[in-house]
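Student: So that we are looking at the same thing, I have put the structure below in structure tokens.
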There are 2 protein chains.
Amino acid sequence: MTVMSLISKVKSFIQSRKLFQPCDTVVIGISGGADSVALTLILNELKHELGIKLHLAHYDHNLRPDSAADAEFVTRLAARLNLFLTSETCSIDLTRASGSLENAAREYRKEFFIRTADAVGANVIALAHHRDDLAETVLMRILRGTGLQGLQAIRPKRKLDGKTFVRPLLCVDRQEIEDFLKAKTQDFRIDETNRRTDFFRNKIRRELLPLLKKDYNPGITGLLGNLADTVGDDYDLLEGLARLSLAALIVERTDNAFTLSLDQLGEEPRALQKLILRRAARDLKGDVNQIDLSHWIEVKDLIENRPDGSIVNWPGGVWIQKRASHLIVGRTKA
Amino acid sequence: MTVMSLISKVKSFIQSRKLFQPCDTVVIGISGGADSVALTLILNELKHELGIKLHLAHYDHNLRPDSAADAEFVTRLAARLNLFLTSETCSIDLTRASGSLENAAREYRKEFFIRTADAVGANVIALAHHRDDLAETVLMRILRGTGLQGLQAIRPKRKLDGKTFVRPLLCVDRQEIEDFLKAKTQDFRIDETNRRTDFFRNKIRRELLPLLKKDYNPGITGLLGNLADTVGDDYDLLEGLARLSLAALIVERTDNAFTLSLDQLGEEPRALQKLILRRAARDLKGDVNQIDLSHWIEVKDLIENRPDGSIVNWPGGVWIQKRASHLIVGRTKA
């Protein structure tokens, strides 16, 4: 694949998924690694055609001795491309964060991107996830247990906290990105932290995916991407139905709880029941990203087998109680 | 797991999935292998409680020198359990069948089960697929490329050609079945053909699943089963919506073709568009089992990019033509 054909492939993807509107200001999250450097170069070449303005945002997690050198590299690249850059260094010791280091780093980074977008009047944030990331995520979800929601993995376009996150490189794979940078003689930084933080993902990337490619199907990366893609469409449709159904099931609503009719919930198709409760949790501002199939299986058991008054706790302070002919979904304030 | 707890596990599964109605006559497909022998013993123990009558059906594919000994083994088992048995030996040389040997064998066997059910007044046919079969099938589908439809893999209950096919052992795994037979000191036949016919499935069974269990998640079999299960619910819901949408899109219908409004199809949610065409193919008696994601991707390309009059061919004689503002889905008689 030549440089131009990669760029036009990304352009087609951007257009078919309507990732940008003309006049959008787009914040590009850039680490200095191959993926985000390629994303920056590609969007920079397409910006006039697409009618978008670019602004780079670099977050230094301060986790490695050479992270300052990454920031310097990004600063030089921005200067060469004549693009604005906002840089920030994390002042917190992330290695002491509760939960996984990777999750903590992602949260801080996301918050920084949103803050930067607000500061420069941008509604869109572009990230450099590509097809191999997508395939790895799908496999990771399958191996840890998932349903439809998790199989979507990484969406090309997703609203979050009032911003639209887009991933224009989801249509290309790692090799294409590296070939592109080589052809452009563009260097990039190698992030050793990335290689250490998530053992499970790295094992999938370095052992499982290569094995599946070699012994089972050379096209597996594309197939997993297609799966995530079509499942994303399926999920959108079901989620829309669940939203409508939830509204119809509410007997009483307060700031921190929904009271739902258990009989009516039971009459909904099985596929919607779990999405209705998930939707309720989301409306209560619970952390729905942590809700998986096992949480729904526990609620099914609550409904079918446990005594009146029993409670199931979901992640993020959401609780579900069976009370006579009702199911109450509530949230304990943090 | 004790003998009794396995039986009660299967009983719960039968009840929660409503696999049988009281007074059903159930044809059990029995090969003489561990799985179908266990299914026969278990249903035989539960038959009074469930209020069902049993009838065994054995199909000798005549592919191995010792297949007659399998038939003999099944005949003795039926006599010992005091169950009726219908046996039939295939008179065709299946090794010369077009397509894969496994597919041909499955088709003949299915046709025999349906014929036997008709002869004894049964509406239900019980097969011995278990949780390992389900997990293997899910992996196989993922590795060959699939969407929601294929991920369902093996359903516990499915209508086909006027009969209900049920799989009461989908809730237990191979090891539980073998332990059960050992505890019962019940022997069974080992089918070497089964081990040879499908290279890809056997590779998944013998190499990939054990690797995933060992290195990634010891509970992977159950997780893949849960995935297939919830996806089955999701698919049922979407399929029901697609059926309604298809009816609304039809501009003209003849015996062998549907003419659909292309504009209206484009307004349907993306997740439904593929299911609507699949539904049309099914209504035309096309072989929908062979339709996968790649066929839909080709039709999307037909709609979006190919000139008026272009045709895409689907498996089983179904063709799809773009003609002005219409999409015609037709079937060439075999």
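The values are calculated or read from the model by the stated rules, or taken from the named source; none is laboratory data. From a predicted model like this one, the values you see are computed outputs, not experimental measurements. Positions of Cβ are backbone-derived with ideal geometry, glycine not excepted, and every protein chain shown enters the neighbour counts. Accessible surface areas use protein heavy atoms only, side chains included; no ligands, DNA or RNA. Shrake-Rupley method; radii C 1.70, N 1.55, O 1.52, S 1.80 Å.
Student: Only residues that are of a type in the set (F, W, Y) and closer than 26 Å to A:Q21 by Cβ: list them for the stretch A:40-79, please.
Tutor: Taking the stretch A:40-79 and keeping what is of a type in the set (F, W, Y), we get A:59, A:73.
Hit for the stretch A:40-79 is A:Y59, nothing else.
Student: OK, next. Kindly indicate whether any position in the stretch A:165-188 is within 12 Å of chain B (Cβ to nearest Cβ), more than 20 Å from the chain's Cα centre (by Cα) and of a type in the set (D, E, K, R).
Tutor: Restricting attention to the stretch A:165-188, the residues satisfying the condition of being within 12 Å of chain B (Cβ to nearest Cβ) are none.
Checking the stretch A:165-188: not a single residue is within 12 Å of chain B (Cβ to nearest Cβ), more than 20 Å from the chain's Cα centre (by Cα) and of a type in the set (D, E, K, R).
Student: Related question: For residues in the stretch A:257-275 being within 14 Å of chain B (Cβ to nearest Cβ) and not in a helix (DSSP H, G or I), which is farthest from B:L241 (Cα to Cα)? Even if it seems obvious, please write down each step before you answer.
Tutor: If we filter the stretch A:257-275 for residues that are within 14 Å of chain B (Cβ to nearest Cβ), which is where we start, we get A:266-275.
Add one more test, that the residue is not in a helix (DSSP H, G or I), and what stays is A:268-269.
Details: A:E268: 14, A:P269: 12 Å.
Step by step, filter the stretch A:257-275, then rank; the result is A:E268.
Student: Any idea which of A:S310, A:S325, A:S294 is within 14 Å of chain B (Cβ to nearest Cβ) and exposed (fewer than 15 other Cβ atoms within 10 Å of the Cβ)? Please lay out each step first, then the result.
Tutor: Values: A:S310 fails: within 14 Å of chain B (Cβ to nearest Cβ); A:S325 fails: within 14 Å of chain B (Cβ to nearest Cβ).
After applying the criteria, what remains is A:S294.
Student: Of the conditions (1) crowded, with 23+ Cβ neighbours inside 10 Å; (2) closer than 25 Å to A:L56 by Cα, A:N123 clears all except one; give me its number.
Tutor: (1)
Student: Here is a further query. On the given criteria, is B:I114 assigned to a strand (DSSP E or B) and either in contact (Cβ under 8 Å) with a residue 24 or more places away in the chain or acidic (D, E) (or both)?
Tutor: Values: assigned to a strand (DSSP E or B): no; either in contact (Cβ under 8 Å) with a residue 24 or more places away in the chain or acidic (D, E) (or both): yes.
In short, no.
Student: Looking at A:L208, A:L148, A:L181, A:L169 in this structure, which one is under 19 Å from B:R144 (Cβ atoms), in contact (Cβ under 8 Å) with a residue 12 or more places away in the chain, in contact with a helix residue (DSSP H, G or I) (Cβ under 8 Å, 6 or more places away or on another chain) and open to solvent by less than 40 Å² (accessible area, probe 1.4 Å)?
Tutor: Numbers: A:L148 fails: under 19 Å from B:R144 (Cβ atoms); A:L181 fails: under 19 Å from B:R144 (Cβ atoms); A:L169 fails: under 19 Å from B:R144 (Cβ atoms).
Step by step, each of A:L208, A:L148, A:L181, A:L169 is checked, and only A:L208 is under 19 Å from B:R144 (Cβ atoms), in contact (Cβ under 8 Å) with a residue 12 or more places away in the chain, in contact with a helix residue (DSSP H, G or I) (Cβ under 8 Å, 6 or more places away or on another chain) and open to solvent by less than 40 Å² (accessible area, probe 1.4 Å).
Student: So, A:G316, is that one assigned to a loop (DSSP other than H, G, I, E, B) and under 23 Å from A:T146 (Cα atoms) or not? Give the steps one after another, and end with the answer.
Tutor: Values: assigned to a loop (DSSP other than H, G, I, E, B): no; under 23 Å from A:T146 (Cα atoms): yes.
So A:G316 fails the test.
Student: Would you be able to tell me the number of residues in the stretch B:230-256 that are within 14 Å of another protein chain (Cβ to nearest Cβ) and in contact (Cβ under 8 Å) with a residue 12 or more places away in the chain? Steps first, answer last, please.
Tutor: First, pick out the residues of the stretch B:230-256 that are within 14 Å of another protein chain (Cβ to nearest Cβ): B:230-245.
Pick out the ones that are also in contact (Cβ under 8 Å) with a residue 12 or more places away in the chain and you get B:231-232, B:234-235, B:238-239, B:241-243, B:245.
Selection size over the stretch B:230-256: 10.
Student: Let me ask you something else. I'm trying to understand the selection: among the residues of the stretch B:31-51, which are of a type outside the set (G, A, S) and touching a residue at least 60 places away in the same chain (Cβ under 8 Å)? Outline the logic, then answer.
Tutor: Step one: of the stretch B:31-51, the residues of a type outside the set (G, A, S) are B:35, B:37, B:39-50.
Hits for the stretch B:31-51 are B:D35, B:V37, B:L39, B:L41, B:I42, B:L43.
Student: Please count how many residues of the stretch B:141-164 are within 11 Å of chain A (Cβ to nearest Cβ) and more than 19 Å from B:G219 (Cβ to Cβ).
Tutor: Going through the stretch B:141-164, the residues within 11 Å of chain A (Cβ to nearest Cβ) turn out to be B:141-151.
Going one step further and asking which of them are more than 19 Å from B:G219 (Cβ to Cβ), we end up with B:141, B:143-150.
Number of matching residues: 9.
Student: Follow-up question, since we're still on this one. Output the residues belonging to the stretch B:265-286 that are surrounded by fewer than 15 Cβ atoms within 10 Å (Cβ to Cβ), in contact (Cβ under 8 Å) with a residue 12 or more places away in the chain and not small (G, A, S). Talk me through it step by step, then tell me what you get.
Tutor: As a first pass, look at the stretch B:265-286 and keep what is surrounded by fewer than 15 Cβ atoms within 10 Å (Cβ to Cβ): B:266-267, B:285.
Cutting the leftovers down to in contact (Cβ under 8 Å) with a residue 12 or more places away in the chain gives us B:266, B:285.
Scanning the stretch B:265-286 gives a single hit, B:K285.
Student: Follow-up question, since we're still on this one. Quick check: is even one residue across the stretch B:28-50 open to solvent by 70 Å² or more (accessible area, probe 1.4 Å), over 26 Å from B:K182 (Cβ atoms) and more than 18 Å from the chain's Cα centre (by Cα)? Break it down into steps so the answer makes sense when it comes.
Tutor: Our first condition is that a residue be open to solvent by 70 Å² or more (accessible area, probe 1.4 Å); within the stretch B:28-50, this holds for B:45, B:48-49.
Applying the additional criterion that residues be over 26 Å from B:K182 (Cβ atoms) yields none.
The answer is no, given that none of the residues of the stretch B:28-50 is open to solvent by 70 Å² or more (accessible area, probe 1.4 Å), over 26 Å from B:K182 (Cβ atoms) and more than 18 Å from the chain's Cα centre (by Cα).
Student: Same structure, new question: Take A:P210 and decide whether it is under 27 Å from B:E136 (Cβ atoms), within 14 Å of chain B (Cβ to nearest Cβ) and part of a loop (DSSP other than H, G, I, E, B). Let's see the steps before the verdict.
Tutor: Values: under 27 Å from B:E136 (Cβ atoms): yes; within 14 Å of chain B (Cβ to nearest Cβ): yes; part of a loop (DSSP other than H, G, I, E, B): no.
Judged against the criteria, A:P210 is not a match.
Student: Of all residues being surrounded by fewer than 21 Cβ atoms within 10 Å (Cβ to Cβ) and in contact (Cβ under 8 Å) with a residue 40 or more places away in the chain in the stretch B:68-77, which is nearest to B:V26 (Cα to Cα)? Just the residue, please.
Tutor: Of everything passing the filter in the stretch B:68-77, B:F73 is nearest to B:V26 (Cα to Cα).
Student: Okay, next question. Tell me which residues, restricted to the stretch B:223-261, are more than 26 Å from the chain's Cα centre (by Cα) and open to solvent by 40 Å² or more (accessible area, probe 1.4 Å).
Tutor: B:A247, B:A248, B:I250, B:V251, B:E252, B:R253, B:T254, B:D255, B:N256
Student: Looking at B:Q175, is it open to solvent by 50 Å² or more (accessible area, probe 1.4 Å), in contact (Cβ under 8 Å) with a residue 60 or more places away in the chain and touching a helix residue (DSSP H, G or I) at 6+ places or on another chain (Cβ under 9 Å)? Write out each step before concluding.
Tutor: Values: open to solvent by 50 Å² or more (accessible area, probe 1.4 Å): yes; in contact (Cβ under 8 Å) with a residue 60 or more places away in the chain: no; touching a helix residue (DSSP H, G or I) at 6+ places or on another chain (Cβ under 9 Å): yes.
Spelling it out, it is not the case that B:Q175 is open to solvent by 50 Å² or more (accessible area, probe 1.4 Å), in contact (Cβ under 8 Å) with a residue 60 or more places away in the chain and touching a helix residue (DSSP H, G or I) at 6+ places or on another chain (Cβ under 9 Å).
Student: Of the conditions (1) more than 14 Å from chain A (Cβ to nearest Cβ); (2) farther than 17 Å from B:I311 by Cα; (3) aliphatic (A, V, I, L, M), B:A280 clears all except one; give me its number.
Tutor: Single failed check for B:A280: (2).
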